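See below for the structure under consideration.
The values are calculated or read from the model by the stated rules, or taken from the named source; none is laboratory data. Just so it is clear, the model here is predicted, and its values are computed rather than measured. Neighbour counts are summed over all protein chains in view; Cβ atoms, including those assigned to glycine, are modelled from backbone coordinates with ideal geometry.
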Amino acid sequence: MRKVAVVGAGLTKFMRRAQETGKELSFEAARAALDNAGMQLKDIDCVVMGTAPDAFDGVHMKGEYLSDGSGAWGRPYLRGYVGGGTGVFAPIQGWYHIASGMFDTCLVVCEEKMSGCKPHPQGAFLTIFDHTTERPLYPNLLWIFALEMNRYMTTHGITKREIAHVAVKNKKNAMDHPSAQLPMEITVEDVMNSEVMAWPVNRLDVSPTSDGAAAVILASEEKAKKITDKPIWIQGVGWNLDTSYWTNRDLYYPEYVERAARMAYKMAGVKEPRKEIHIAEPYDPFDYKELHHMEGLLLCGKGEAARLAVDGVTARDGDLPVCPSGGLLGVGNPIAAAGLMKISELFWQLRGEAGKRQVPGQPKRGVAQAWGDLMQVGTVVVMGVD
Amino acid sequence: MGVLEKITSNQELRSWPGEIPLENLYTMGLAGERFFRGIKDEAKLLGTRCKTCDVTYLPPRIYCQGCFEKLVNWVDLPPQGKLETFTILNQDRAGRPYKTPRILGLVRIDRSEGALIHYIQGLEPQKIRIGMKLKAQFRSSSERKGSIQDIVGFVPA
Ligand SMILES: [Zn+2]
């Protein structure tokens, strides 16, 4: 397989309700990524679009609908979708387009427009549950994640207060992100006192719904070196799906994330992730998920992540910066675009171009991860400077 | 004998009715907002132009799909064009016959690369010819709401 690099990235602002259509958001992000790489659309060989349920945009086959805004007119085009895992899966799909030798450049665009979906975009997920044993009880994702959070807390003896440190950190990190929707300085107390939605989940434990788009450009080794002096290499990719018999597994630990991470680390030659990963962007739609995913990514032992958050190890200037972007909790959660925002963050951080968000110490390698479907998919990308 | 062969009506199976309960408030978008304001406020068709590619987009886009430049050059287009193809509708979507057949046409708008589909009015089906000139008939200003239905249909120019 050929080496593949990221050579450019671009984002729209993430916002509650965008004036732009999904096509227009896709264009803004794709154009920004081309400008960032100093490229034109004619330099692009193929396009990958990552976007979550059709129901969000209210357009069936919305991959096709979004294609001309994504630069796909007259090109080989693929739309991929693995729920919340999409934003880190799309660059994996772009990676194999190039690693295979079929293409030299790939524009990867992720878009989500959730604001139009009524009464609430979560409605798109009401039908993912078993239609006879679960749906008649009207569960929504928030309730299910509350079950998972409680199981995780109880198994390890972790408190809500400890977990709240993640929300405080990420929303503060987002104050330095120009795309951020919910940057704010809050305290653990604020999180604890925010409205209880489904115990143990409070309002400030959760990321918002958002409109937004993100794009990155991938290139083969030969092309990448012509495009930029600072290509950031995709060193490893991994993805894995657990069973949709979700009630038949123990929710305290995301096995599927670990399997995806092991696949990516093996490809990247990473043997000791705790030492060899310098910066992490795990998926954080809820504050406990950042911790859950750090454990699945083998960045710490099971049940140890909360302590790292409380002790400041995962702060931007800590030993292991986690979500220095501000994550979904702070930058926002336009599902697929949020995952690709994490890939963009690693790109800028590893190039030393993250501005006020730059983590100290010239990080050499990072990992990004997303999670989705019925709490069952893990998608992982390891990126580095060589 | 397999299960499939035994069951001739799915009413015999225990079933559970359900739906995906979603509605959408669709965004007009930056280009759509301006396009439909043109129709509502001034009964005119607006396009965007890419000089590099020599293309005029109708309905307008804020980007050129060919060269991916941002388009800022808005142009007024004549609300008329050439009939490129048509169909004569004898039944509605539920299969009920129309009392009078309706004609749906694809009208390529003059001075643009774009076309609109719309109903053709004021012509007997046997008088319709591909290539004929048609113009948009707008509703009166008080009736216009900023929708494609602000155009009643296309009539002979
Ligand atoms: Zn053009």
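Every residue, every condition in (1) among the small types (Gly, Ala, Ser); (2) within 11 Å of chain B (Cβ to nearest Cβ), yes or no:
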residue: A:Pro53; (1), (2): no, yes
residue: A:Ser70; (1), (2): yes, yes
residue: A:Ser100; (1), (2): yes, no
residue: A:Val109; (1), (2): no, no
residue: A:Pro119; (1), (2): no, yes
residue: A:Gly123; (1), (2): yes, yes
residue: A:Thr127; (1), (2): no, yes
residue: A:Thr154; (1), (2): no, no
residue: A:Glu162; (1), (2): no, no
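Can you pull out the residues in the range A:129-152 that are surrounded by 14 or more Cβ atoms within 10 Å (Cβ to Cβ) and within 9 Å of another protein chain (Cβ to nearest Cβ)? Correct list: A:Arg135 only. Quick one: is B:Arg61 at negative phi and at pLDDT 95 or above? Answer is yes for this residue. Screening the candidates B:Leu45, B:Leu77 for the property of being away from the ligand (no atom under 14 Å from the Cβ), crowded, with 22+ Cβ neighbours inside 10 Å and either of a type in the set (A, V, I, L, M) or over 21 Å from A:Glu20 (Cα atoms) (or both) yields one hit, B:Leu45. The range A:187-273 holds strands (runs of 3 or more DSSP E) entirely within its bounds, and those carrying 2 or more residues that are crowded, with 23+ Cβ neighbours inside 10 Å map to A:211-220, A:232-241.
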